[in-house]
Amino acid sequence: MLEIRNIYKSYGSLEVLRDVSLRIGEKEIVTILGPSGAGKTTLLQIAGTLDRPDRGEILYDGVSVSGLNDRKLSAFRSGHIGFIFQFHQLLGEFTAQENVAIAGMIGGKSRRKAMARAGELLEMLGLSDRCDHKPSALSGGERQRTAVARALVNNPSVVFADEPTGSLDSHNRDDILRLFGTLRDDLGQTFVIVTHDPTLADIADTTVHMADGRITSVANVRNFC
């Protein structure tokens, strides 16, 4: 479903990624682990089309997106990719449902359809009674679940998550991990998760280790058709 081919990326004289290649299948949870400076977040940003490689290609369903102009790339990203970050990045002046719906409207949904889809997702994630609450009235776990709903609102092919449990306590972390597994099993959702937390490997189908801008190992737990 997603293929990363021979990616190189430098910032000035600093080479961050060196000949990185990886294939990610549908309905798969992939965790990318490694020390700080390994290139994990840069790889996620390039795979998620937030940044461009110096060399190499990113393909979705066999089609390269590396050559798209900024406008077409933005449209592709909105319709095919979701993002979850360590800090939820919710808009404080809007309710949970509105925060989720805004992403849907950016993706082309009408306000009515976006609000309806946001309500469905929040209910599915156990937040039906929190839809009208602003982020300041939500717990850390509830804010991150709202961020998960926002990432799913446009039915993305893949969700990229950068340290999604890094700001959570162990209880909320475990809840989010179970949620990712449920979304994979029930919705067929693909996740690519960058993390320092080795416990995320417990839910992964594939675990990737990086160091010094390269992939050092790939461990496949499940077999995919």
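The values are calculated or read from the model by the stated rules, or taken from the named source; none is laboratory data. Computed from a predicted model, the values in this text were never measured in an experiment. With ideal geometry, Cβ positions are generated from the backbone for all residues, glycine too; neighbour counts draw on all protein chains shown. Heads up: the accessible areas ignore ligands, DNA and RNA and are worked out on the full protein's heavy atoms, side chains in. Shrake-Rupley method; radii C 1.70, N 1.55, O 1.52, S 1.80 Å.
Restricting the first member to the stretch 19-42 and to residues that are among the polar types (S, T, N, Q), and the second to residues that are modelled with pLDDT under 95 and in a loop (DSSP other than H, G, I, E, B), the beta-carbon pairs closer than 6 Å and six or more apart or on different chains are T31/A204.
Listed conditions (1) over 28 Å from T41 (Cα atoms); (2) surrounded by 13 or more Cβ atoms within 10 Å (Cβ to Cβ); (3) of a type outside the set (A, V, I, L, M, F, W, C); (4) at pLDDT below 95 are all met by K134, apart from (4). Looking only at residues in the stretch 26-56 that are basic (K, R) and within 15 Å of the chain's Cα centre (by Cα), the one that is nearest to D202 (Cα to Cα) is K27. All told, F94 falls short of being in contact with an Asp or Glu (Cβ under 6 Å, 6 or more places away or on another chain) and open to solvent by 20 Å² or more (accessible area, probe 1.4 Å).
Any idea which of I106, I102 is within 18 Å of the chain's Cα centre (by Cα), open to solvent by 50 Å² or more (accessible area, probe 1.4 Å) and over 20 Å from L183 (Cα atoms)? If you could, list the steps in order and put the result at the bottom.
On the way: I102 fails: open to solvent by 50 Å² or more (accessible area, probe 1.4 Å).
I106 is the lone residue from the list that is within 18 Å of the chain's Cα centre (by Cα), open to solvent by 50 Å² or more (accessible area, probe 1.4 Å) and over 20 Å from L183 (Cα atoms).
Counting only strands (runs of 3 or more DSSP E) wholly contained in the stretch 1-103, the ones carrying 3 or more residues that are under 26 Å from A149 (Cα atoms) and in contact with a Ser or Thr (Cβ under 7 Å, 6 or more places away or on another chain) occupy 29-33.
Only strands (runs of 3 or more DSSP E) whose full extent lies in the stretch 159-225 are considered here, and the ones with at least 1 residues that are open to solvent by 50 Å² or more (accessible area, probe 1.4 Å) are 206-211, 214-220.
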